[in-house]
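Here's the structure, in structure tokens; my notes come after.
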Amino acid sequence: MNAAEFQEVRSAPLFAKLTDEQLSCLDGGELIDAPVGAILASEGEHTGYFHVILAGEVRATRTYDRQSILLGVNKAGHFLGETMLLLDIPWLATCRVSKPARLFRLNEANFWQMTGTCPSVAREIFRSASGRMRNLEGYSQQREKLAALGTMAAGLAHELNNPASAAGRAAAHLQQVTDSLQNFLCGLSKNLESDQWEFLLNGAQEASEKTAPELDHLARSDRSETVATWLEAHGISSAWDLAPTFVSAGLDCGWLDNLAAKLPPASHRDAFGWLEARLNLKSLIRQVEQATGRISELVKAVKSYSFMDQSPMQELDIHEGIESTLTMLGHKLKNVTLVRAFDRSIPRIPANGSELNQVWTNLIDNAIHAVNGNGKICVGTSREDDQLVVEIVDNGAGIPKDIQSRMFEPFFTTKSVGTGTGLGLIISNRIVGDRHGGEIEFESHPGETRFKVRLPIHRKS
């Protein structure tokens with residue numbers, strides 16, 4: 001650079017305190033002009049450059065869950081890239097020129113030379129890097145929590161949809177069935193004497209209490225055809241609609257013959273129609289009870305997962321939190337072979353349940369990702385001396401040896417850009433270590449990754 005360019009660079013706040021003797025620390029730098037839209041660095045990329053903005057504007061964005069989020073706008077006097085060079089990590093954001101920019105750029109070797117020979121510059125760079133990392137980590141932690149909440153909400157919506165839909169269908173069918181019952185009762189009132197009513201009511205009670213045999217699809221189809229043929233022979237036009245309900249209740253032609261013999265032929269159509277509607281009514285009520293029961297279970301799991309209406313720190317059974325987490329992640333576990341290996345004799349421990357559930361969510365979700373949603377995951381508990389141990393094992397491809405040492409580094413992730421914050425394990429490690437006095441360890445090789453969470457059974461006060 002010539003003298004005029006040195007003075008231009010020196011006007012930047014970062015270099016304002018440099019003496020004439022210290023200007024040599026800028027040696028090796030270059031001035032560049034960047035048009036609007038130029039990308040100085042892309043998220044996940046190693047560029048090896050440090051930039052000082054002399055004029056113009058650069059926007060920094062980071063991808064979270066495939067959505068580009070603006071982290072900040074850098075204007076004249078700001079600098080970029082120091083954090084990545086200091087920590088030897090890829091860029092955590094994409095930096096794109098938003099107004100024509102003039103930049104002072106240093107490569108990695110010259111950057112380290114500058115920080116080693118200019119204390120005032122190094123001090124400002126370290127201060128900025130520290131603040132930048134704190135802000136980004138805090139923001140990313142909030143995004144991680146929101147992402148976990150989004151995962152839980154999506155899973156809950158998915159799990160609630162099935163029983164809610166089933167209850168809705170059953171309720172709609174109930175209206176049709178009750179209308180049919182009224183119509184059949186009107187017809188029966190004209191054809192049955194009191195003793196015949198008693199036969200019909202007793203038969204209906206007996207039918208509702210019968211235990212139907214287990215039938216495969218072919219056997220059920222054959223039996224339905226036989227019953228439908230019997231019904232048609234007795235002048236019942238809707239025979240093929242009634243037969244499946246009778247078969248499901250365990251009624252056969254012999255049982256139907258016995259009931260028909262006690263009723264006048266003119267009543268058969270209404271009597272067997274009424275019987276089918278009554279059995280169908282009970283079945284629909286059971287469906288509604290099962291659906292609402294499932295909804296109740298899910299609400300209970302949500303309350304258990306979040307420890308709603310409970311104090312943060314309490315004596316808890318670790319299995320309850322794990323089970324509620326598995327329930328919340330049920331939609332992701334549909335095609336996963338899940339094995340539980342719990343030691344139920346483990347004592348309750350003092351812990352923050354909602355925080356530990358965040359740990360189980362992160363580790364189990366990572367395991368699901370490792371097996372691509374279609375493999376085997378084992379969740380187990382045991383006791384080793386005075387520690388409670390929770391193990392989460394998957395049969396995925398394993399974590400490559402060359403990155404295992406980096407698993408607990410901030411913002412390091414094995415997932416593709418935009419699908420992970422790189423803070424899940426960091427947050428989990430802090431919850432387990434700092435908040436509960438425990439530790440997380442792991443071992444991995446092709447075909448098996450095993451995470452162990454160790455928690456003290458007796459906390460030191």
(request) Please work out the ratio of the alpha-carbon Rg of region 1-110 to 2.2 N^0.38 Å and round it to two decimals. (result) 1.09
(request) Report the full-extension gain for the segment Thr229 to Ser405: residue separation times 0.36 nm, less the Cα-Cα distance, to one decimal in nm. (result) 56.1 nm
(message) Every cysteine in the chain with no other Cys Cβ under 4.7 Å from its Cβ, please list them in numeric order.
(response) Cys95, Cys186, Cys253, Cys378
(request) Among [x] 28.4; [y] 25.1; [z] 22.6, find the value of Kirkwood radius over Cα pairs in Å that was calculated from the structure presented, and write down its label. (result) [x]
(message) I'd like the carbon and sulfur percentage of the solvent accessible area for the chain, probe radius 1.4 Å, heavy atoms only, ligands and nucleic acids excluded.
(response) 50 percent
(message) Give me the dipole magnitude in Debye, nearest 20, for the chain about the Cα centre, with unit charges on the beta carbon: positive for Lys and Arg, negative for Asp and Glu.
(response) 1140 debye
(request) Find which of Pro244, Ala171, Trp230 sits farthest along the positive direction of the dipole of the chain, computed with +1 on the beta-carbon of Lys and Arg, -1 on that of Asp and Glu, about the Cα centre. (result) Ala171
(request) Mind ranking 445-457, 31-43 by how tightly packed they are, going by the mean number of other C-beta atoms within 10 angstrom, highest first? (result) 445-457, 31-43
(message) Could you work out the pair-distance distribution P(r) of region 225-353 from its alpha-carbon pairs, with 10 angstrom bin width and percents rounded to whole numbers?
(response) 10, 26, 16, 12, 15, 14, 6, 0
(request) List, largest first, the extents of the alpha carbons of region 184-290 along their principal axes, each in whole Å. (result) 39, 33, 20
(message) Rolling a 1.4 angstrom probe over the protein chains, ignoring ligands and nucleic acids, what is the accessible area of Met313 in square angstrom, nearest 10?
(response) 90 Å²
(message) I need the calculated FRET efficiency for the pair Glu198 and Asn161, taking r as the beta carbon distance and R₀ as 51 Å, to the nearest 0.05.
(response) 0.70
(message) I need the calculated FRET efficiency for the pair Arg134 and Ala76, taking r as the beta carbon distance and R₀ as 22 Å, to the nearest 0.05.
(response) 0.40
(message) Could you tell me which residue out of Trp360, Leu388, Ala4 lies farthest along the dipole of the chain toward its positive end? Charges go on the beta carbon: Lys and Arg +1, Asp and Glu -1, centred on the Cα centre.
(response) Ala4
(message) Around Leu31, under 15 Å between beta carbons, what's the net of Lys plus Arg minus Asp minus Glu among the other residues?
(response) -2
(request) Run the quick spin-label model on Ala4 and Gln67: label points 7 Å from Cα toward the beta carbon, then report their separation in nm to one decimal. (result) 4.9 nm
(request) Please give the length that would be gained between His369 and Asp88 if that part of the chain were fully extended, namely 0.36 nm times their separation in residues minus their C-alpha to C-alpha distance (nm, one decimal). (result) 98.5 nm
(message) Please give the charge dipole size of region 258-383, origin at the Cα centre, charges +1 on K and R Cβ atoms and -1 on D and E Cβ atoms. Round to the nearest 20 debye.
(response) 560 debye
(message) Given a 1.4 angstrom probe, what's the average accessible area per residue across the chain, in square angstrom?
(response) 51 Å²
(message) Could you tell me the calculated FRET efficiency between Asn107 and Gln314, based on Cβ-Cβ distance and R0 = 41 angstrom, to the nearest 0.05?
(response) 0.15
(request) In nm, give the distance between the simple-model label positions of Glu21 and Asn335, each being 7 Å from the Cα along the Cα-to-Cβ direction. (result) 7.0 nm
(request) Quick one: accessible surface of Glu5, probe radius 1.4 Å, all protein chains present, in square angstrom to the nearest 10. (result) 50 Å²
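The values are calculated or read from the model by the stated rules, or taken from the named source; none is laboratory data. In this text the structure is predicted, and so the values were computed from the model without any measurement. Don't worry about glycine lacking a Cβ; one is built from the backbone with ideal geometry, like all the others, and counts go over all protein chains shown. Ligands, DNA and RNA are stripped out before the accessible areas are found, and what is left, the full protein with its side chains, is counted by its heavy atoms. Shrake-Rupley method; radii C 1.70, N 1.55, O 1.52, S 1.80 Å.
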